[in-house]
1. Could you give the Stokes-Einstein D for the chain in µm² per second, using the C-alpha Kirkwood radius, 20 °C, 1.002 mPa s?
2. Can you tell me which of 407-415, 98-106, 285-293, 54-62 comes out highest on packing, and rank the rest after it, using the mean Cβ neighbours within 10 Å?
3. Across all directions of projection, what mean area in square nanometres is found for the Cα convex hull of the range 13-214?
4. Compute the acute angle (0 to 90°) between the alpha-carbon long axis of helix 13-24 and the principal axis of greatest extent of the alpha-carbon atoms of the chain; round to the nearest 10°.
5. Tell me, how many Å apart are the Cα centres for the range 364-421 and for the range 4-49?
6. If you wrap the range 410-465's Cα atoms in a convex hull and average its projection over all directions, what's the area in nm²?
7. Once you list every other residue whose beta carbon is under 11 Å from the beta carbon of Leu68, what net charge do they have if Lys and Arg are +1 and Asp and Glu are -1?
8. Would you work out the charge dipole size for the chain about its Cα centre, treating the Cβ of every Lys and Arg as +1 and the Cβ of every Asp and Glu as -1, and quote it to the nearest 20 debye?
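Nothing in this text is a laboratory measurement; each read-out follows from the coordinates by a stated rule. As the structure is a computational prediction, the values presented were derived from the model and not from experiment. Cβ sites come from the backbone with ideal geometry, for glycine too, and all protein chains shown count toward neighbours.
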Amino acid sequence: MDVPPLHGSPETLGQALAAAAEQYGDREAYVDGAERIGFARWIGRARALASVLTARGVRPGDVVALMLPSGIDYAVCYAAAAWIGAVTTGLNTRLGPREVTAILDRAAPALVIRDGAAGLPEVTAWPVLDRAEVPRETAEDGPAPAAVRAEDPAVIVWTSGTTGLPKGAWFDHHNLAAAARTAGVMSAPDDRKLVSTPFPHAGYMGKLWDQLGWGTTFVVSPVPWSAPEMARVLREERITVAGGVPTQWAKLLTEPSMVGQGLPHVRVGIAATAPAAPELVRRTAELLGVPLVVRYAMTESPSICGTEPDDPPDVQATTVGRPQDGMAIRLVDDAGAEVAPGEVGRICVRGPVVMRGYWRDPELTASVLGADGWLRSGDLGRIGADGNLTLVGRVGDMYIRGGYNVYPLEVENVLAEHPQIAKVAVLGRPAPVIGEIGVAVVVPADPADPPTRDALRAWVSDRLADYKAPDELVLVDELPLTAMLKVDRLALSEALFTG
């Protein structure tokens, strides 16, 4: 589906903001708890802040770093930096002092906009503007958006740092415009999206043009999550696109207020972070009227693959679909040669949404991004005869049991369907004779009735090769997460196998 044209055919994010303010006016842009703001007021506040940033010495091409919670103020600051041609980057509020220092040292911001009341790490080496100084009023006149080029840097998004300190993937204005063109079923006229992704994440930073192009309303997901509150927001805010992890969708199915009601406004739901079992996909469609889809992306490429609403439940549960419009994938071995159909290989991505590089790190950029435009990821997968991509793990996660390669994600996807499991991670650890064995780290669905090792081994062996069945079971209350809400495998491994 083509993106509705913005007035004036903007080429930069600042121009797109100006066009959206004119085109969508009072249409709601954000709903953040009790606060609501339309496109014109949002961008008007951003223009008022733009004058403050300019007075503080921020110039086109300078970096502005946001240390703010997700919400309207974050959106105002992002838009203000874009208006004056600055490069915006966001720091997840869950990051610790070491990570914050590493990011700011690499980004070298001209200004940090920080919420001084939120208990975030202190910033001493860089100029700071406190959130309390962000204007609440609007500026309806003033200079036009800064005259920057479409190929100039616009955004830096930081990886979650699971393999070391975060890396900054940077994108230009061409990238951001392309993200809107690759959205497919995820965007449509008059959409109202429930947004649970942290705003510093690529899912927001890299997709702002998509919101502007469609005039989409973003409703910030309530925290903490509960099924009754989720049901209320979905209905009262007339949400059309909503994401949730499979356990959340399962809880919605049993929420009393959902019985006989359904979700007539929701045209598509996203099964996030973990696969949804085929039965859950079927029941969500039948009882709630919501087709679930899956999306695969990464910090370095916010659009890659996805399933379609009419794909069979088995496809939704076991694959991440086919390349989105304008995107291409291929699988290669360690030497860079394409693997045979059906074989596991490293996933490479090419298309207009792929990052331009890692910020101020040409050597690291050259190690993953070729001159031909192919991005070499750390993910492993296989492509089926139907063209759908199945993820099997990360390059560093694979372990070798008795001479056989085992990909943890493949095993995790099977274990996630077990009724006694709420969350699971599979790790390899050294073992005598056999080399490595698999350890399933499980959060039980019911702590009073946890699964047994033998039951899980039988479950996996019925569905995969027997050598992929976990040799050990560890029960935990929770899995450690990174700032981007992914399982922190390094922390988990250190907690279980060292000390």
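1. Details: Rh = 23.7 Å.
Approximately 90 µm²/s, per Stokes-Einstein.
2. Values: 407-415: 23.2, 98-106: 18.2, 285-293: 19.8, 54-62: 14.6.
Those peptides, ordered most packed to least, come out 407-415, 285-293, 98-106, 54-62.
3. On the way: hull surface 43.5 nm².
One quarter of the hull surface, i.e. the mean projection, equals 10.9 nm².
4. The two axes meet at around 80 degrees.
5. The two parts, judged by their Cα centres, are 39 Å apart.
6. Numbers: hull surface 16.3 nm².
Result: a mean projected hull area of 4.1 nm².
7. On the way: positive: Arg114, Arg131; negative: Asp73, Asp115, Asp130.
Once all neighbours under 11 Å are counted, the net charge is -1.
8. Numbers: 45 positive and 61 negative charges, 100 e Å.
Here the chain has a charge dipole of around 480 debye.
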